[in-house]
Amino acid sequence: MITNQKILTMRLLFIGAVLLYIFTAINSSGYFHPDEHYQIIEFAELKAGNNTRGDLAWEYNAEIRPAIQPTLCYIIFRVCRAIGINDPYCLAMVLRLITAGFSLLTISLFAKFNKKSLPYKYQLTYLLLTYFIWFIPFVNVRYSSESWAGLLFMQAIIVFNSKIRFKYFFMGCVLGFSFLFRFQTALMALGWVSWIFMYHKAERKSLPYSIIGILVIIILGSFIDQWFYGNYVLTFVNYFKINVIQGVASLFGVSPWYYYFTEIVTNSIIPIGFCLLISLVALIILKPQNMLVWIIVPFLIGHILIPHKELRFLFPVINFIPLLVISGFIMINEKFSVSFQNKSVRIGSAVIFCIILFFNGIGLVINLTASSGNGSEKLTQYIDQTFKNRHVNLLYILYTNPYQPFYPLKQGFYQNKNVQSHQIQKLMDIKEQLSKLNINLFVASKADVDVPDLKEKLAELGFKVVKQSIPQWIINIKNCFRYGLTDDTLILYQLPVKNN
């Protein structure tokens, strides 16, 4: 029985989650991976007339990127600009806020029907995990293909568990959209549909309607691709041919089969990472008929078999983690219930819980306040706002220009016509490149600045530190736990006007 107190607690949890997601979306500027920007926002800017084909990543000319997400971005930007929102940092934030809203809607609906299948005493814990596992809000505000594909797949499950008319057709449509946002979700769909076929025999006769829905959306996607690229193209065919058969993806690096297991443990913070893997193993062994097993395992195996691996490739299943963890714990508790009655085991479990809670809290605070990646957009935004309408002479060392962080690709979206950038080859070039008329700034990575010769040269010329792309307190925390990057943190210096 759900008491009024529990209903109030659930509402407060949701309000807390809303505030957490809003602040995360506002502060999490930049991108987790360059594809999040260069293959979506820069692609959309081509249609807006602000880019040329030559400015874009190679994926555009290869025609392997499904156009639906850049098209949606183009529409959102067009509406924003029509109502006077032109600042690129605000436009990017709008994308994150929209994603945050869609994420909260999706995970709340998914949790609403799933918690009913859980024992009463675990329902509140499940909601806490759903909203507050530290890395989930960070992923759920990203306007990336991985985030949106995963959310759409979860919406398909929500439709399947609903009582709406023609739900199998609409379920197929949503699966189709998930596929268009990220083709690899086909592995999840294949596993889930197989689960329905195996354990919901009464639903078998309705599955053809879902197939029709998938085909309808794929055809719609082909028309969007045709409009976007200017010719008829099947992007998923091109993607498979170029990245899988020709192995172009492997040119960006290959990893061993166990890559994902080590990355999950280390990048989710070790105690939490172990809980995730233990929960997955527990479900596979103790309850292999669980829906999550059929969704996650084929998806994981498929990515293990692909030589080129990145942790973000698993983001589409990230919102299943709360249910995975709570289900795995229930299975373990049922299997070893006698052991949990032992006082020593209970004390040990409490200690482990407190450790996990501590690490999770740290992760939440960092993601709530920090930008994504190395924070280069924080520097460009600072320059644009601080020196608005003033000419800036920006000196930089190779690969540290915040206006072109993924050299040699152009990042046109954040370009400032008042900023002239000059690469420094040698220390003596710094003085020669100084401008007597403009604001002189110098940017370098933390690793570069730690070199004594450079530090001494900057001090000799009178440069002062004015901004750091990632706050030092966050770097100190990450160093303590050996988590995250520090060497590519950018340091911005300014030469006082009197020294120009």
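Every number here is computed from the coordinates shown, using simple stated rules; none is lab data. Keep in mind the model is a prediction, meaning the values are calculated, not measured. As a convention, Cβ positions derive from the backbone with ideal geometry for all residues, glycine included, and neighbour counts pool all protein chains shown.
Suppose R0 equals 60 Å; then what is the FRET efficiency for Leu190 and Thr3 from their Cβ-Cβ distance, rounded to the nearest 0.05?
Calculated transfer efficiency: 0.90.
Please state, to two decimals, what the Cα-based radius of gyration of the chain comes to when divided by 2.2 N^0.38 Å (N = residues).
Numbers: Rg = 24.7 Å, N = 500, 2.2 N^0.38 = 23.3 Å.
Taking the Cα Rg and dividing by 2.2 N^0.38 Å, one obtains 1.06.
Please tell me the relative contact order of the stretch 1-143 in percent, rounded to the nearest whole number, where contacts are Cα pairs under 8 Å and at least six residues apart.
On the way: 104 pairs, mean separation 51.0, N = 143.
Here the relative contact order equals 36 percent.
So, in Å, what gap is there between the alpha-carbon centers of the stretch 270-286 and the stretch 187-255?
Their Cα centres are 29 Å away from one another.
Which ³J(HN,Hα) values, rounded to whole Hz and listed in residue order, are derived for the stretch 274-283 from phi using the Karplus coefficients 6.51, -1.76 and 1.60 in 6.51 cos²θ - 1.76 cosθ + 1.60 with θ = phi - 60°, glycine and proline given as x?
4, 4, 5, 5, 4, 5, 5, 4, 4, 5
Mind putting a number on the dipole of the chain about its Cα centre? Charges go on the C-beta only, +1 for Lys and Arg and -1 for Asp and Glu, and I need it in Debye to the nearest 20. Walk me through the numbers before you get to the answer.
Values: 43 positive and 25 negative charges, 326 e Å.
Rounded to the nearest 20 debye, it is 1560 debye.
How about Lys455: which lysines have a C-alpha closer than 18 Å to its C-alpha, ignoring those fewer than 8 places off in the same chain?
Lys426, Lys431, Lys446, Lys464, Lys467
What does the stretch 1-143 give for Rg and for Dmax, in Å, if only its C-alpha atoms count?
In Å, with Rg to one decimal and Dmax whole: 18.8, 62.
With the contact rule set at Cα under 8 Å and sequence spacing of 6 or more, what percent relative contact order holds for the chain? Intermediate results must be reported in sequence, preceding the final value.
On the way: 663 pairs, mean separation 85.5, N = 500.
After rounding, I find 17 percent.
Extension gain Ile285-Ile219, at 0.36 nm per residue separation less the Cα-Cα distance, in nm?
Details: separation 66, 0.36 × 66 = 23.76 nm, distance 3.96 nm.
Here the answer is 19.8 nm.
From the phi angles alone, apply the Karplus equation (6.51, -1.76, 1.60; θ = phi - 60°) to the stretch 49-61 and give each ³J(HN,Hα) in whole Hz, x where the residue is Gly or Pro.
Each residue of the stretch 49-61 in turn: x, 9, 9, 10, 4, x, 7, 8, 5, 4, 4, 5, 5 Hz.
Which lysines have a Cα less than 24 Å from the Cα of Lys309, not counting those fewer than 8 places away in the same chain?
Lys241, Lys478
In straight Cα distance, which lysines are under 18 Å from Lys335, not counting same-chain residues fewer than 8 positions off?
Filter leaves Lys121, Lys287, Lys343.
So for the stretch 365-500, considering every pair of alpha-carbon atoms, how many percent are separated by more than 25 Å?
On the way: 2277 of 9180 pairs.
Tail of P(r) above 25 Å: 25 percent of Cα pairs.
Run lengths n ≥ 4 of DSSP H only: what is the helix-derived mean residue ellipticity at 222 nm for the chain, with -39500 (n - 2.57) per run over all residues, to the nearest 500?
Numbers: 23 runs with 297 residues, N = 500.
Taken over the chain, the calculation gives -19000 deg cm²/dmol.
Note down the magnitude of the dipole of the stretch 376-499 about its Cα centre, charges +1 on Lys and Arg C-beta and -1 on Asp and Glu C-beta and zero elsewhere, to the nearest 20 debye. Walk me through the numbers before you get to the answer.
On the way: 16 positive and 11 negative charges, 81 e Å.
That gives a dipole near 400 debye.
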